Amino acid sequence: MKILPLYILREHIGPFFFGLFIITFVLIMDFILEILNLIITRGLNAYTVLQMFGLNLAWMLALSIPMAVLVATLMAFGRMSADNEITALRSTGVSLYRLVTPVIIASIFIAVGLVFFNNLILPDANHKARVLMTQIYQKRPTLNIKENVFIDEIPGYHFLIRKIDPRSSKIADILIYEQRDRATPRTIFAERGNLEFSADGNTLIMELYDGEIHETDEKDPTQYRRVSFDKQVIFINDVNPQLAMGDSEFRTDREMSARRMKKEISQIEKQITPQENRANELEAILDTLPDLTEDKPIREFTQAERQKYHQRQRLVRDKLQADQVIQQSRHRINSYLVEIHKKYSIPVACLVFVLIGAPLGIMAKRGNIVIGLGLSLGFFVLYWAFLIAGEELADRMIITPFWSMWSANILIGGVGLYLIVKSAREVKFFSWQWLEKILPERFKKYLR
């Protein structure tokens, strides 16, 4: 009997596209504020604005499609329940499981499509959007650099700057993670610095003062170097302040497919091993050198004791720096794993939202837009709150990347399965009558 599944799916088509349009429009309205600011401050032309909209539409669709599935499920089953179609079908022996099955199958197809979208289209769109934004901001780079926030808009570099003076382009307390044109990355620390462009405008010049460079020897990964400097100048070439769509080999985690991120993780793990060996060697040496300050103050040290003290202090600093490099590498691995799981967990939300939306729509017995969008917004805010909190906890290495991205699906999906089973058994355990009692008369029409 193909008529019933087709009828149920047809009931979802209109609400799905309606929800997709509304949700995408809301995301665009949030994004358009940034566009207006760039138009005013940068003088963008219409073609560039269209490019930005087109490229950023990819991540908007990745979020709005699962939510549109929830809107469609709530409204379709709510309308069918309000018109007693669900009751009529059950009286003929059609179970709720049979009614939900075609929607579940359709959601699985949508989820599979989103998985391919997230791995094939979304990374390239995010990459091109970042490159375009970099071109826009290159004339005055400090305007786009925020204090205490990692910046990765310049290909091959990650910046963390504690203090910024946008007027003079002076910066302070700087951490730079450099990987451009290098097989192994290096880390640069500096107390202060300055940003400026060369005369021809094609090179970004970073003058750094009072800092250190930490790097692994590219020829011998077991060797680790630490170099102190009073002044260090970094030249970032081919930075043209003219707005032109370019390309870059460097990609952030949101600009990679899952396969590419797994390769990156494998390379980072290979780089961690020599650092861990070095840290263990330093720890073993430190165990053989007692802390002389426990017995007497430094001013009473002999010349030989002072040499041993300074030697131990250098080893302690080297050990801390090696541990810091290891910690940074593990944070990068965690970030990649979070993004990998996200590429699959968000598409699977299409199935999860069907499981929760179908029984809620039937219980609500309302097919209007207000109820559908209201419930959808509530569940999607809950879902997104789980993702944001999970990502934050994963970045702090409190929970694993798997649980950070999949806990929302597991929780909401489990509740959805429970509600479907209860609804299939026609057990009434939820009612809207309490809401009708407390609402003013003019609002009750939206629940009828």
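The values are calculated or read from the model by the stated rules, or taken from the named source; none is laboratory data. Computed from a prediction, not measured in an experiment: that's the story for all the values here. Neighbour counts are summed over all protein chains in view; Cβ atoms, including those assigned to glycine, are modelled from backbone coordinates with ideal geometry.
Pairs meeting the criteria (first residue in the range 10-35 and more than 19 Å from Cys350 (Cβ to Cβ), second residue of a type in the set (S, T, N, Q) and assigned to a helix (DSSP H, G or I), beta carbons under 8 Å, at least 6 apart or on different chains) are Phe31/Asn56. On the stretch given as the range 392-448, residues that are among the aromatic types (Phe, Trp, Tyr) and at pLDDT 80 or above total 4.
Looking at Lys163, Lys139, Lys146, which is the one that is among the basic types (Lys, Arg) and modelled with pLDDT of 75 or more? Working first, answer last.
Values: Lys139 fails: modelled with pLDDT of 75 or more; Lys146 fails: modelled with pLDDT of 75 or more.
Among Lys163, Lys139, Lys146, only Lys163 is among the basic types (Lys, Arg) and modelled with pLDDT of 75 or more.
Every residue, every condition in (1) aromatic (Phe, Trp, Tyr); (2) surrounded by fewer than 21 Cβ atoms within 10 Å (Cβ to Cβ), yes or no:
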{"residue": "Val69", "(1), (2)": "no, no"}
{"residue": "Ala72", "(1), (2)": "no, no"}
{"residue": "Glu85", "(1), (2)": "no, yes"}
{"residue": "Ala88", "(1), (2)": "no, yes"}
{"residue": "Arg98", "(1), (2)": "no, yes"}
{"residue": "Val103", "(1), (2)": "no, no"}
{"residue": "Phe109", "(1), (2)": "yes, yes"}
{"residue": "Asp124", "(1), (2)": "no, yes"}
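Could you check, for the range 113-133, whether at least one of its residues is farther than 29 Å from Pro347 by Cα and modelled with pLDDT under 85?
Residues of the range 113-133 farther than 29 Å from Pro347 by Cα: none.
The answer is no; no qualifying residue exists.
Residue count for the range 1-48, restricted to those that are modelled with pLDDT of 85 or more, surrounded by 11 or more Cβ atoms within 10 Å (Cβ to Cβ) and not charged (D, E, K, R): 23.
Residues in the range 166-214 that are at pLDDT 75 or above and of a type in the set (Gly, Ala, Ser) were compared, and the one that is nearest to Asn148 (Cα to Cα) is Ala172.
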